[in-house]
Amino acid sequence: MKVGIIGAGMVGSTAAYAIGLLGVAQSVVLVDLDPAMSRAQAEDINHGMPFASTTIVTSGDYADLAGAEIVILAAGVGQKPGESRLSLLARNAEVFRTVISSILAVVPDPILLVATNPVDIMTTIAHKLSGLPAHRVIGSGTILDTARFRSLLSAQIGITPQSIHAYVLGEHGDSEVLAWSSVRAANMRLDAFAAYAGAPITADVRARIDDAVRNAAYSIIAGKGATYYGIGAGLARLVSAISQDRRIVMSVSTETHGIAGLPQIAYSIPRVIGRNGVELDLAPDLDPAEKAALEQSVLLLRDTAQALDL
């Protein structure tokens, strides 16, 4: 499988590196407004591939995307001093308008993976601009928040994150919802497993983990300026799920129809990911407080999207 990545900055290049390390694509093409940077990133990554896989990483322009089945969107503009979030969204929508039309001129039916923030709104924008079916326009959503949630729970109760089933839902942002009521550790409810392991989940523990999940990006950005390793690995996992038709469950963001009576807008719930993109939406099992919080998160995203003139 061939994968294109638009945007060769830290997120795009790290995704290319992670895809190469996993060996889940035959080739990766980096495209960027700065061809010297994309060329340097591709060359550097490609030099690491003999230690990992047979993936070939190159740089090029849109014409070089021919034959790609997945295209990752990691391009966008930064926020100017004093600029409103809505104004930034409008400028990024124009970036996507150009980028997506250029992609579709070469690859008429790709699966688009959206990594540009704010990812849920940008996923809605990508869906509207591309005209592709919703199941083929997938935002990274809360896959990273979910990974953080599982990692922190793992440290608390002493089992690997891969043995914990826990999800963060809704917006990838401040209104996201940690679905505590449906967490399972191995085959047990979280509270039961934690008590059995001698590591109870107290109110203080829940508050600490909730805060750490919500504020992880702020902490990392304060220390090194950006986050990219986690999301790069998450994007590679998505590529793996699609290229190998793995049908794994991930909390990605895509336009959602009729789930729990919520509006049609891109937000994250658990979904089955396979060869055709999103294969199945899974309605989350939530307690009343979590249901209300998810509804508020989705309504916030809807209102923001409606304020944009696309």
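FYI, it's all coordinate maths here, none of it is from the lab. Remember, it's a predicted structure, so these values are computed and weren't measured experimentally. Cβ placement follows ideal geometry from the backbone for every residue including glycine, while neighbour counts extend to all protein chains displayed.
Before moving on, here are some points about what is shown:
- Rounded if a/c under 1.5, otherwise prolate or oblate - segment 164-310, Cα gyration tensor axes: rounded
- Computed over the chain: relative contact order in percent, which uses C-alpha pairs under 8 Å that are six or more apart: 19 percent
- The charge dipole of the chain, taken about its Cα centre with unit charges on the Cβ of Lys, Arg, Asp and Glu (plus for the first two, minus for the last two), comes to roughly 420 debye.
- Here is what passes the span test in the chain: the DSSP H helices with alpha carbon length of 24 Å or more along the helix axis and a Kyte-Doolittle mean of -0.5 or above are 85-104, 203-224, 288-307.
- 29 Å Cα-Cα threshold exceeded, pairs from LYS80/LYS224; LYS2/LYS224; LYS80/LYS128: LYS2/LYS224
- Cα principal axis extents for segment 244-310, largest first, Å: 38, 35, 15
- Rounded to the nearest 20 debye, the dipole magnitude of segment 143-195 is 280 debye, with +1 charges on Lys and Arg beta carbons, -1 on Asp and Glu beta carbons, and the Cα centre as origin.
- Counting only Cβ charges, +1 for Lys and Arg and -1 for Asp and Glu, the dipole size of segment 19-109 around its Cα centre is about 320 debye.
- Descending semi-axes in whole angstrom, ellipsoid equivalent of segment 122-214, from the Cα gyration tensor: 31, 13, 9
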